[in-house]
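**Student:** This is the structure I have questions about; it appears just below.
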Amino acid sequence: MIDGSEERACVFDIQRMSLHDGPGIRTNVFFKGCNLRCFWCHNPESWRREPEIQFFGLKCIGCGFCLSACPLRLHTINTEGAHVFEREKCTACGKCAAVCPSGSIVLTGRMMTIDEIIAAVSRDIPFYKKSDGGVTLSGGEPLLQGKFAINLLRVMRKHGLHTAVESALNVPEDILESAAGQADFFLADIKLVDEKRHREATGISNKRILENIVRLDSLGVEYCLRIPLIGGVNDDGEAMTEIAKFSGGLKRPKYVEFLPYHKFGEAKYITLGVERKTNLATPSKEEMRTLAGLFGGVEVRYQGSAD
Ligand code: SF4
Ligand code: SF4
């Protein structure tokens, strides 16, 4: 084992064949745990660092296997025949998920070693070679399990894999600096420059984030700036002009990328028993083109949109 490593990290997904998270074809390793609470987040299962149960009530076929499997008897059927799950007492032991035949109960988050992750991502080495791709650590916030992530980057580099880190950068500076020393590419998220608006949207100040973007810019690692573009949050000219001005003061972003809001993650909130705000809008391509014009000579890329 490598010195100083945390032996295992909590990972909630390993997703193959991504074309959007760094150069070439990539495998994304999604770390669980995030210290922001962006209300549009499409991966709310990434928020808590520990494994947890997702309950997809509509898939339940009423077999009752989970009722006896749970040592705490947290699954019951009420007098109206509805399945009731007492989530707040759950220890995430996974016994109910193991017996559920319909996929209604899923244990999300698994403690994995570096060797297990290397084995999983190595399946796609031929695709990385053909496309100049590699592995992207994402989340959640991968740098909250910082020592593990840094050691994983180091081992992947030893294996000749191209590595990238997607981060919201609300992390200690020494962790960022060590990760930047081991990674080939960073995808650095920025949502808003105005601190008050940032707090309202994410629950935290952006002071450390903005400082860390400036720090990343000075560290020599290649990076891009990623902007989740959320209707009513940061798709107005004022917010984007501030971001464009901030990025104009940086030396090295390779490109800027808009990630327009999409609704894919909305149903997950119900499965986790988490409340969410509704009626968030997806900016159109036309709106994105207009906002991209604020960035002067910097290349602006954008993923799917409303039209
Ligand atoms: S994960 Fe364990 S404690 Fe939680 S509901 Fe399932 S069986 Fe019960
Ligand atoms: S085991 Fe799955 S399908 Fe059966 S009652 Fe429990 S949740 Fe429903």
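**Student:** Test of the criteria: in segment 176-257, which trypsin sites (Lys or Arg not before Pro) are in a DSSP loop and have at most 15 other Cβ atoms within 10 angstrom of their Cβ?
**Tutor:** Lys251
**Student:** Checking the cross-link filter: which lysines have an alpha carbon closer than 17 Å to that of Lys95, excluding same-chain neighbours under 8 positions apart?
**Tutor:** none
**Student:** In square nanometres and to one decimal, what's the mean projected area of the convex hull around the Cα atoms of segment 257-307?
**Tutor:** Mean shadow area of the hull around the Cα atoms is 4.2 nm².
**Student:** Right, another one. Over all alpha-carbon pairs in segment 52-108, figure out the percentage whose distance exceeds 12 Å.
**Tutor:** Cα-Cα pairs in segment 52-108 separated by more than 12 Å: 61 percent.
**Student:** Structure shown: which of Lys196/Lys285; Lys59/Lys89; Lys191/Lys251; Lys130/Lys158; Lys245/Lys285; Lys32/Lys245 lie over 24 Å apart, alpha-carbon to alpha-carbon?
**Tutor:** Pairs exceeding the cut-off: Lys196/Lys285; Lys32/Lys245.
**Student:** Counting only Cα, what are the radius of gyration and maximum Cα-Cα distance Dmax of the chain, in Å?
**Tutor:** Both quantities, over Cα of the chain: 20.5, 64 Å.
**Student:** Further question: Can you grab the distance from the C-alpha centre of segment 210-270 to the C-alpha centre of segment 37-66, Å, no decimals?
**Tutor:** Cα centroid of segment 210-270 versus Cα centroid of segment 37-66: 28 Å apart.
**Student:** Counting other Cβ atoms within 10 Å, keep those with at most 11, restrict to DSSP loop, and tell me which GluC sites (Glu not before Pro) in segment 211-307 are left.
**Tutor:** Passing both the DSSP loop test and the Cβ count: Glu275.
**Student:** On alpha-carbon atoms, Rg over Rh for segment 122-277 using Kirkwood Rh?
**Tutor:** My calculation of the ratio gives 0.98.
**Student:** Quick one: Cα convex hull volume of segment 82-126, Å³ per residue?
**Tutor:** In segment 82-126, the Cα convex hull volume per residue is 120 Å³.
**Student:** Work out the length of the dipole vector of the chain about its Cα centre, built from +1 on the beta-carbon of each Lys and Arg and -1 on the beta-carbon of each Asp and Glu, and round it to the nearest 20 debye.
**Tutor:** Using only the charged Cβ atoms, the result is roughly 500 debye.
**Student:** Additional query: Pop a pseudo-label 7 angstrom from the Cα along the beta-carbon direction at both Leu67 and Gln15 and give the gap in nm to one decimal.
**Tutor:** Between Leu67 and Gln15, the simple spin-label model gives 3.7 nm.
**Student:** Sticking with this structure for a sec: If you find the alpha carbon centre of segment 121-166 and of segment 173-196, how far apart are they in angstrom?
**Tutor:** 16
**Student:** Gain in length, Arg123 to Lys207, computed as 0.36 nm per residue apart minus the alpha-carbon separation, to one decimal in nm?
**Tutor:** 26.3 nm
**Student:** Continuing with the same structure: Report, please, the projected area of segment 43-194 averaged over directions, based on the convex hull of its C-alpha atoms, in nm².
**Tutor:** Directional mean of the projected Cα hull area for segment 43-194 stands at 12.7 nm².
**Student:** Return the loop-located trypsin sites (Lys or Arg not before Pro) in segment 39-120 (DSSP other than H, G, I, E, B) with at most 16 other Cβ atoms within 10 Å of their own Cβ; answer none if there are none.
**Tutor:** Passing sites in segment 39-120 are Arg73.
**Student:** Still on this structure, I have one more. Roughly speaking, what is the stretch gain from Glu88 to His159, that is 0.36 nm per residue apart minus the C-alpha to C-alpha distance, in nm to one decimal?
**Tutor:** So the extension gain works out to 21.3 nm.
Here, each number is a calculation from the coordinates, and none is a lab measurement. This one's a predicted model, so the numbers in the text were calculated from it and none came from an experiment. A quick note on method: Cβ atoms are made from the backbone with ideal geometry, for glycine too, and the neighbour counts reach across all protein chains shown.
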